Structure formats: C-alpha cells, structure tokens
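The values are calculated or read from the model by the stated rules, or taken from the named source; none is laboratory data. Everything numeric in this text was worked out from a predicted model, so none of it was measured. Using ideal geometry, Cβ is built from the backbone for each residue, glycine included, and neighbour counts are taken over all protein chains shown. For the accessible areas, the whole protein counts, side chains as well, though only heavy atoms, and no ligand, DNA or RNA atoms are used. Shrake-Rupley method; radii C 1.70, N 1.55, O 1.52, S 1.80 Å.
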Amino acid sequence: MTTKIRDSESFSKWYNDSMYEAELVDQSPVRGCVVLRPYGFAIWEFIRDDLDIRIKKNLGAKNAYFPLLIPESFLKKEKEHVEGFSPELAVVTHAGGSKLEEPYVVRPTSETIIYNSFARWIKSYRDLPLKINQWANVIRWEMRTRPFIRTTEFLWQEGHTAHATEVEALDMATAAQREYIQMAENLLAIPSIAGEKTATERFAGAKATLTFEGLMRDGKALQMGTSHLLSHSFPEAFEVSYQDENGKEVVPWCSSWGVTTRLIGALIM
C-alpha cells in the first residue's frame with residue numbers, strides 16, 4: 001500500500017519535481033502554461049483514444065469542432081454563466097492592427113457558441129437527440145497553477161447534447177459520468193467516487209452537476225471530471241427550440257460533460 005504524503009509542501013514539491021524529471025512537461029514563457037513534452041502528450045493520447053471510442057460507441061456522440069474565439073456578447077446572454085467565468089476570461093480586443101468592434105473571448109467552454117449552431121440545427125423533434133463532442137483547448141486565467149492539475153491553457157473533450165425531456169438529458173449526463181469512471185478505473189487504475197455538486201459548486205448555468213473524484217496520495221480528493229444537466233436558460237438565451245410531435249414550440253433539455261489533461265496529474269499522484 002502506498003504511504004500517504006501528509007505534508008502538503010513536500011507532496012507539492014514531489015509532484016512538481018516528478019513532472020519535470022520524467023520529462024512530461026517543460027516550462028513555458030506564457031504565464032500559467034506548460035509545454036507538453038512527448039511523454040506527457042503520449043499519456044493524453046492514450047486517454048483521448050480510449051475516451052473517443054467510448055464517446056462514439058457508448059454515448060452516441062459525433063465529433064465536431066467550433067471556433068476558439070467566441071463573441072463576448074454570447075457569454076453575456078446567459079447571466080449566471082458570464083458571472084461564473086468572468087474572473088477567468090481572456091479577451092481579445094485588437095486584431096489586424098486595429099481595435100475590434102466587438103471583443104472576442106478565448107474559449108473558456110463552448111456552450112454559448114455551440115448553442116448558436118444548435119439554434120439552426122434543431123427545428124423538429126426528429127432532430128433530437130443531438131449529440132456533439134469536441135476535442136479542443138481551453139483558456140481560463142488561473143491565479144495559482146500546477147502542471148496538469150490547474151493551468152491557464154489545458155486540453156479537454158467537451159460533450160454537448162440536446163434532448164426532448166429533462167430525464168433524457170440527465171440520463172445523458174449520468175451515462176457520461178459512468179463512462180468516465182470506467183475509463184479512470186480500467187485505463188488509469190484510479191478508483192473513484194461518483195457524486196453530485198452542491199448548489200454553490202455547480203457549473204455556472206447548470207441545474208445539476210455530477211462529478212467523479214479520486215483520493216490522491218496526500219489524502220485529498222481530486223475532481224477528475226464533471227457532467228451537467230443544464231438549465232433552460234442556456235437554450236432559451238440562444239433561441240434553441242423545436243416543434244414537438246403536436247406542433248408545439250418547445251425548448252430542449254441539454255447536457256454538457258468533459259474531462260481534461262488533469263487526468264494525467266491524477267495518474268501521477
């Protein structure tokens with residue numbers, strides 16, 4: 001049995017030293033970011049490849065890609081969402097040698113820009129369920145960083161789905177959580193505990209947030225991924241609606257779910 005390192009300072013030093021000595025990462029000139037060296041990126045490729053199969057085969061989602069830059073006005077359409085992310089946003093105000101008419105936010109998450117597309121893609125109950133997954137990078141302006149665990153830029157997958165009922169959307173979020181747990185236990189050999197976040201810890205704009213967490217060597221739990229049942233405010237803000245079987249205009253229920261390169265940090269710890 002592995003002995004816990006209870007001294008947080010010693011554990012932090014051991015972890016950081018391990019990242020560099022094992023050549024998983026290298027320092028970067030960009031604040032809060034690291035370079036993923038080949039060994040570190042290879043671990044992410046193993047995780048990505050395993051999850052990509054699960055997402056397509058077991059969850060029924062298809063891969064797509066959406067722009068890195070999101071109009072600032074998109075985030076402002078959902079009040080709780082923008083308030084939750086405001087401290088972490090990186091904003092582009094100039095490009096091509098001049099000031100932009102509207103600033104762009106560097107992707108902190110993609111609900112807003114994806115629902116802009118969903119509004120055009122979903123018109124009838126026959127278009128549901130719609131299940132999209134994206135492999136991408138994200139920027140969140142973190143004040144305190146640690147390789148893989150919390151960095152300004154990180155890699156992840158984010159699934160976004162739309163359903164006819166709340167039950168179906170919650171089932172989707174639960175199914176994603178289940179696939180994450182199986183991947184963590186079978187591929188990374190990390191036992192985990194499934195749970196639900198409290199109201200104050202939920203994703204900004206979610207009605208429910210599910211999590212799976214592992215116990216690390218220092219005796220602390222680490223959140224390894226989350227899935228969300230989103231409130232109606234998201235699709236309503238982007239006018240996502242469809243005609244049901246009775247010809248009534250209704251708003252779909254949506255889910256989102258994701259894991260990041262934090263899984264590599266969990267594996268090392």
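Using a 1.4 Å probe on the protein heavy atoms, what percent of the accessible area of the chain belongs to carbon and sulfur? Of the solvent-accessible surface of the chain, carbon and sulfur hold 51 percent.
Per residue, the solvent-accessible area of the chain (1.4 Å probe, heavy atoms of protein chains only, all protein chains present) comes to 51 Å². Screening the chain for DSSP H helices whose Cα atoms reach 24 Å or more along their own axis and whose mean Kyte hydropathy is at least -0.5 gives 38-57, 166-186. Classified by the C-alpha gyration tensor, the stretch 1-160 has an oblate form. Its axis ratio a/c, with a ≥ b ≥ c, is 1.5 or above, and a/b does not exceed b/c. For SER124, the shell of other residues with beta-carbons less than 13 Å away shows a net charge of 0, using +1 for Lys and Arg and -1 for Asp and Glu. For the options THR109, THR200, THR152, a Gaussian network treatment of the chain with springs between C-alpha atoms closer than 10 Å singles out THR200 as fluctuating the most. Applying 0.36 nm per residue to the separation of ILE53 and ARG126 and subtracting their alpha-carbon distance, the gain on full extension is 23.7 nm.
Only protein heavy atoms count here; under a 1.4 Å probe, ILE181 has an accessible surface of about 30 Å². What separates the Cα centres of the stretch 107-126 and the stretch 143-157 is a distance of 26 Å.
Working from label points 7 Å from Cα in the Cα-to-Cβ sense, the LYS76 to GLU201 distance is 3.3 nm.
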